[in-house]
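The values are calculated or read from the model by the stated rules, or taken from the named source; none is laboratory data. As the structure is a prediction and not an experimental result, all values here were calculated from the model. As a convention, Cβ positions derive from the backbone with ideal geometry for all residues, glycine included, and neighbour counts pool all protein chains shown.
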Amino acid sequence: MGSNVFKFKNLHLAMASFIIVVVGLAYGISPTKIMSSLFDFNVESVDLSHLLRAIMGLYLALGVYWLVGIFKPEFWIGATITCTIFMGGLALGRILSLIIDGIPSITFLIGMILEIVFMIWGIFNLKKA
């Protein structure tokens, strides 16, 4: 496999890792402050804070795994598969919400588009591998 293709496939995991770590930290660092400033709801219960911090942990763990896939080639396929499924699952959930709940804010629409792009990019990389 040529070095340009190698860089391109790793760029997918690197960008996905960066984005998911940033989003995870946004969810969990200070849910009561960040959620009310970014979104149209307040975190008013300990249970909701726990849920958001658990999501942060999941996002951070996946982001780290995807980075491992860049530096350890034996993990690349697994990292790319999980990234592709994760992004596809998020996109599917957003599409379902779009149908059931209506059009969300521009932030969530951009998120959905990025998730679809990362899913398709992952499929492309897996087919080329």
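Numerical summary
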{"read-out": "Residue list for segment 83-105, filter: of a type outside the set (G, A, S), under 16 Å from V23 (Cβ atoms) and part of a helix (DSSP H, G or I)", "value": "C83, F86, M87, L90, R94"}
{"read-out": "Answer from L109, L114 - the residue that is of a type outside the set (K, R) and under 21 Å from L60 (Cα atoms)", "value": "L114"}
{"read-out": "Residues of segment 30-70 that turn out to be over 23 Å from M119 (Cβ atoms) and either in a helix (DSSP H, G or I) or among the basic types (K, R) (or both), as a count", "value": "17"}
{"read-out": "Restricting segment 118-129 to residues that are assigned to a helix (DSSP H, G or I) and in contact (Cβ under 8 Å) with a residue 24 or more places away in the chain, the residue that is farthest from F8 (Cα to Cα)", "value": "M119"}
{"read-out": "Hey, Y27 within 18 Å of F108 (Cβ to Cβ), at pLDDT 85 or above and touching a Leu at 6+ places or on another chain (Cβ under 7 Å) or not", "value": "yes"}
{"read-out": "Residue check, I70 closer than 20 Å to S105 by Cβ, modelled with pLDDT of 95 or more and out of contact with any Cys (no Cβ under 9 Å at 6 or more places or on another chain)", "value": "no"}
{"read-out": "Hits in segment 107-129 - residues which are surrounded by fewer than 18 Cβ atoms within 10 Å (Cβ to Cβ) and under 17 Å from the mean Cα position of the chain (by Cα)", "value": "T107, F108, L109, I110, G111, I113, L114, I116, V117, I120, I123"}
{"read-out": "Subset tally (residues that are more than 14 Å from F18 (Cβ to Cβ), of a type outside the set (F, W, Y) and loosely packed, with under 15 Cβ neighbours inside 10 Å) for segment 59-80", "value": "6"}
